[in-house]
Amino acid sequence: MTTFYLPGCKFTKLDPQASKTLIRFYKEQFDAIILGCCSKEFATPKENDTVIYVCPTCALIMQESNPSVKLKSIYEVVLEYDSLLTKKKPLSWVDLKKEKITVQDCWRSRNHPNLQASVREILKKMNASIVELENNYEHSDYCGSSLLQEPSPRYKTLAPNLFKDPIFKPCSFEEQEKILSKHAEKYSTVFVGCYCTGCLEGIQRMNSRFSSSQTEAQTFTTQANSKKLKPVHIASLVAQSLASL
């Protein structure tokens, strides 16, 4: 049985340094074989091989196109690694100093409770004060603007169940803005922790709209969110915690 690591194309583009750190960690500590794009290398792992992933879309494509493999998120694996360390050499978790951070669950991971629980456990280890949204865990219905556009054609072949899901509701750019801004009103904290680049990019899009006009922005945000939101990819925080190894 072999261990593979899927770095995630979008995450690597978002934070190349963090991606390099995670690749090094999984190569050195788990002897993982590094894969490229999940759409091209989904068939490389064989039955009962383990695939460690960053991206929720990678997980869904592997789940549908290669269901015989064992899937684990980076968050689950790093927690297992941390539990095996001796007290003389604990993992140097990033210290968030009790900062309030809203966890944004991704719709694509709504059926992955181990991932969701691991993300929260890691944030606790990082000394964060977790704030929950009403639509969290299996009730999550957000993935930035990706659910407001036509699903990628590659899903039709690689993840047909995902492709056919009625949650995809393509709409105009203007309508997307309204839907995303309405979602932004749900955040009561400035910091938002994401484990999906699509979720994070949706928040960045609202920040861009906020910057365009202070007066206009006030129609898109609540008083609690009168400042720009600060989304952070939790995988980037994990990478910072592993950098000294």
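Brief remarks on what is shown
- The chain: Rg to Rh, with Rh as the Kirkwood radius over Cα pairs: 0.97
- Cysteines without a disulfide-compatible neighbour (Cβ-Cβ under 4.7 Å), the chain: C9, C37, C143, C171
- Taken as Cα centroids, the stretch 61-90 and the stretch 131-186 sit 27 Å apart, rounded to the nearest whole angstrom.
- Proximal lysines relative to K72, as straight alpha-carbon distance under 23 Å, when same-chain residues fewer than 8 apart are discounted: K10, K13, K20, K27, K40, K46, K124, K125
- Accessible area (Å², per residue) of the stretch 54-137, counting only protein heavy atoms and a probe of 1.4 Å: 48
- Distribution of pairwise C-alpha distances over the stretch 1-100, 5 Å bins, in %: 3, 12, 22, 23, 18, 11, 7, 4, 1
- Counting only Cβ charges, +1 for Lys and Arg and -1 for Asp and Glu, the dipole size of the chain around its Cα centre is about 560 debye.
- For the stretch 84-207, the share of accessible area belonging to carbon and sulfur comes to 52 percent (1.4 Å probe, ligands and nucleic acids excluded).
- Using a Gaussian network model of the chain in which every pair of alpha carbons under 10 angstrom is joined by a spring, one finds that among Y195, Y81, Y53 the greatest mean-square fluctuation is at Y81.
- Those GluC sites (Glu not before Pro) in the stretch 81-142 that DSSP places in a loop and that have at most 14 other beta carbons within 10 Å: E134
- Dipole of the chain, positive direction: furthest Cα of H233, P170, M1, with charges on the beta-carbon: H233
- Estimated from the Cβ-Cβ distance and a Förster radius of 35 angstrom, the FRET efficiency linking T157 and S129 is about 0.25.
- Size of charge dipole - the stretch 24-101 - debye, nearest 20, with Cβ of Lys, Arg +1 and Asp, Glu -1, no other charges: 400
The values are calculated or read from the model by the stated rules, or taken from the named source; none is laboratory data. Source: prediction; values computed, not measured. Cβ atoms come from the backbone with ideal geometry, glycine included; neighbour counts cover every protein chain shown. The protein model used for the area step is the full one, side chains on, heavy atoms only, and it has no ligands, DNA or RNA in it. Shrake-Rupley method; radii C 1.70, N 1.55, O 1.52, S 1.80 Å.
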